[in-house]
1. Based on this model, can you work out whether Cys20 counts as farther than 29 Å from Phe149 by Cα, in contact with a Cys (Cβ under 8 Å, 6 or more places away or on another chain), in a loop (DSSP other than H, G, I, E, B) and at pLDDT below 60?
2. Please state which of the following conditions Gln59 fails to meet, knowing it meets all the rest: (1) in a loop (DSSP other than H, G, I, E, B); (2) surrounded by fewer than 14 Cβ atoms within 10 Å (Cβ to Cβ); (3) at pLDDT 95 or above.
3. Pairs only if they're at least six apart or on different chains, beta carbon under 7 angstrom, first in the stretch 68-82 and surrounded by fewer than 14 Cβ atoms within 10 Å (Cβ to Cβ), second at pLDDT 95 or above and not in a loop (DSSP other than H, G, I, E, B); list them, first residue then second.
4. When you scan the stretch 93-165 for helices (runs of 4 or more DSSP H) that lie fully inside it, which ones turn up with 3 or more residues that are closer than 20 Å to Leu63 by Cβ and modelled with pLDDT under 95?
5. Can you name the residue in the stretch 93-111 that is of a type in the set (Phe, Trp, Tyr) and touching a Gly at 6+ places or on another chain (Cβ under 9 Å) and is also surrounded by the fewest Cβ atoms within 10 Å (Cβ to Cβ) among such residues?
Amino acid sequence: MSDDQSTQDSSCGCGGGSCCGRSVRWIWIVLALAVAGVLLVKHSGDKKGVVAATPVVSQVKALPKLVDLGAGKCIPCKLMAPILDDLRKTYAGKFDVQFIDVWENEEAGTKYGISMIPTQIFYDAAGKELFRHEGFFSKEDILAKWRAFGVDLIENPEARSQKSE
């Protein structure tokens, strides 16, 4: 068989060498992977044990947040600690409560523009700062501020049962 005939008989035009077999094999592998990917995506909504091709993003509701910046050894900050713990438990699902020790994490003090501790910063669910207070802030004052911002403050029923025990 002459070189001209080999080239004409080969579907890829390479002369019918060993590359043709490898090329066809790779085409089948790529095609099989593409079909498997399409099937995974198509059936990702089915709850029959098929794993989705893309990760599922949980839709957690964003909550307003109270960030208290202080230090573990600061006296007014120590007085705030049980209030923050109570708010965190009692109003779980209504607003988040976060404490940041600026003596252990000095960058946070700079990031939040802290000039005095404790400082409480109130944020809406979108992360926009609503209010800032410096110094000790009572539970009643914190709750009054949340009410002023329209936050529903019905207590978490689990927290009420834990208090009565």
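The values are calculated or read from the model by the stated rules, or taken from the named source; none is laboratory data. In this text the structure is predicted, and so the values were computed from the model without any measurement. Don't worry about glycine lacking a Cβ; one is built from the backbone with ideal geometry, like all the others, and counts go over all protein chains shown.
1. no
2. Among (1) in a loop (DSSP other than H, G, I, E, B); (2) surrounded by fewer than 14 Cβ atoms within 10 Å (Cβ to Cβ); (3) at pLDDT 95 or above, the lone unmet condition for Gln59 is (3).
3. Once the first residue is surrounded by fewer than 14 Cβ atoms within 10 Å (Cβ to Cβ) and sits in the stretch 68-82, its partners that are at pLDDT 95 or above and not in a loop (DSSP other than H, G, I, E, B) give Gly72/Asp101.
4. So the answer is 157-164.
5. Once the filter is applied, the top-ranked residue is Trp103.
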